[in-house]
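Structure first, commentary second.
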Amino acid sequence: MKKSSVKFWGVRGSIPVPGPETLRTGGNTSCVEVRADGEIIILDAGTGIRPLGLSLAKEFDGIPLNLTLLISHTHWDHIQGFPFFLPAYNPANKLHIRGYEGARAKFSSILSAQMESPYFPVEMDGLPANIDVEELKEFEFSIGAVKVKSRLLNHPGVCAGYRLETSGGSVAYLPDTEPQVEMRTALQATGKAQSAETLERARREDAALVEFIRGVDALIIDSQYTAAEYRDHVGWGHASAETVTRLAMRAQVKRLFLFHHDPGHDDHQIDALVKETRKMAQGSNLIVDAAREGLLVEL
């Protein structure tokens, strides 16, 4: 069996939060590197893609790179680091960018827009690397020998989660999502009536989500809020750590990595959240941890 690995380069949601209170967890926004079956696959291009790019350039030291970047969605915290991705400035490198259509514009147009003048001095078309952008239409495809499945998530606009099947193990990446039953139940509790059909649809959606992540070796999933915080953010498109822990246990996930940390949560708050969710997982085989910058996980 070939080794497959996952490395976290950016683990925050919404906005980068550098500083002494986030040193152990990290302050960069979403970016995860997967190496498997001869492929280097990058999940999202938040500010964490900048240190990843520097590391790749140093490691390969002039050897041409062939990289695939999967974008979950084009909210700024998931693409804002791309203009600073060093491998994109090397004409010997190949970079394949894949993602789904945005809410009101084509995928390639959205990526290019943040690099237009006056926002950035280099336009995307001016990047020296060999870059191709593909707007995905299917929900199953391959990256070399790595099999990829995707599904749309409950988040404003168009947002996809990815499941990668490698020879060394599987990883699911669901960076921004709000489980439907949690959302509908919370809305009903605030007096916003939910029809029986709506609640049944929510149950079906969550059941499909469970099947999508079932038995995965590593689940990286939005867990931005505590249960108490979630009550003030219903419908925002993010989940509570408690709810995703229950989902992971239901799906018999092996390892759960709490992800898309709230910018207001410091290291101590995230440690407390891990402690609480580990208590929830007692009696199951689920291992729970927080995604932290620099953490390398072998599948």
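The values are calculated or read from the model by the stated rules, or taken from the named source; none is laboratory data. This is a predicted model, so every value here is computed, not measured. In this analysis, Cβ positions are derived from the backbone assuming ideal geometry, glycine residues included, and neighbour counts consider all displayed protein chains. Areas reflect the complete protein model, heavy atoms only, side chains present, ligands, DNA and RNA absent. Shrake-Rupley method; radii C 1.70, N 1.55, O 1.52, S 1.80 Å.
Can you tell me how many residues in the stretch 49-71 are among the hydroxyl-bearing types (Ser, Thr, Tyr) and assigned to a helix (DSSP H, G or I)?
Residues meeting the conditions: 1.
Does Val244 count as within 23 Å of Ser14 (Cβ to Cβ) and touching a Pro at 6+ places or on another chain (Cβ under 9 Å)?
Yes, satisfied.
Taking the options Leu136, Leu153, name whichever one is out of contact with any helix residue (DSSP H, G or I) (no Cβ under 6 Å at 6 or more places or on another chain), over 17 Å from Lys7 (Cβ atoms) and surrounded by fewer than 17 Cβ atoms within 10 Å (Cβ to Cβ).
Answer to the selection: Leu136.
Name the strands (runs of 3 or more DSSP E) wholly inside the stretch 197-299 in which the number of residues that are open to solvent by less than 50 Å² (accessible area, probe 1.4 Å) is 2 or more.
218-222, 255-259, 287-290
Could you please let me know if Arg35 is over 19 Å from His155 (Cβ atoms), in a loop (DSSP other than H, G, I, E, B) and among the charged types (D, E, K, R)?
In short, no.
What's the number of the only condition in (1) farther than 22 Å from Trp9 by Cβ; (2) in a helix (DSSP H, G or I) that Pro87 fails to meet?
(1)
What residue, of Arg98, Arg35, is under 27 Å from Phe141 (Cβ atoms), in contact (Cβ under 8 Å) with a residue 24 or more places away in the chain, surrounded by fewer than 21 Cβ atoms within 10 Å (Cβ to Cβ) and in contact with a Ser or Thr (Cβ under 9 Å, 6 or more places away or on another chain)?
Arg35
Give the residues of the stretch 107-133 that are open to solvent by 80 Å² or more (accessible area, probe 1.4 Å) and more than 30 Å from Gly38 (Cα to Cα), sorted by residue number.
Matches in the stretch 107-133: Glu116, Ser117, Pro118, Tyr119, Pro121, Glu123.
Answer yes or no as to whether Gly191 is at pLDDT below 95, at positive phi, open to solvent by 10 Å² or more (accessible area, probe 1.4 Å) and part of a loop (DSSP other than H, G, I, E, B).
Taking the combined requirement at face value, the residue satisfies it.
Among the residues of the stretch 204-226, what is the count of those that are over 18 Å from Val6 (Cβ atoms) and in contact with a helix residue (DSSP H, G or I) (Cβ under 6 Å, 6 or more places away or on another chain)?
3
Matching residues to (1) closer than 21 Å to Ser150 by Cα; (2) open to solvent by less than 50 Å² (accessible area, probe 1.4 Å); (3) among the small types (Gly, Ala, Ser); (4) touching a residue at least 40 places away in the same chain (Cβ under 8 Å):
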site: Ile15; (1), (2), (3), (4): no, no, no, yes
site: Gly19; (1), (2), (3), (4): no, yes, yes, no
site: Leu23; (1), (2), (3), (4): no, no, no, yes
site: Arg50; (1), (2), (3), (4): no, no, no, no
site: Asn66; (1), (2), (3), (4): no, no, no, no
site: Ile71; (1), (2), (3), (4): yes, yes, no, yes
site: Thr74; (1), (2), (3), (4): yes, yes, no, yes
site: Phe84; (1), (2), (3), (4): no, no, no, no
site: Pro87; (1), (2), (3), (4): no, yes, no, yes
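Let's see how each residue does on (1) over 19 Å from the mean Cα position of the chain (by Cα); (2) closer than 30 Å to Arg50 by Cβ:
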residue: Arg204; (1), (2): yes, no
residue: Thr243; (1), (2): no, no
residue: Met249; (1), (2): yes, no
residue: Leu256; (1), (2): no, yes
residue: Val274; (1), (2): no, yes
residue: Ser284; (1), (2): yes, no
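Within the group Ser195, Ser223, Ser240, which residue is of a type outside the set (Phe, Trp, Tyr) and without any contact (Cβ under 8 Å) to a residue 24 or more places away in the chain?
It is Ser195.
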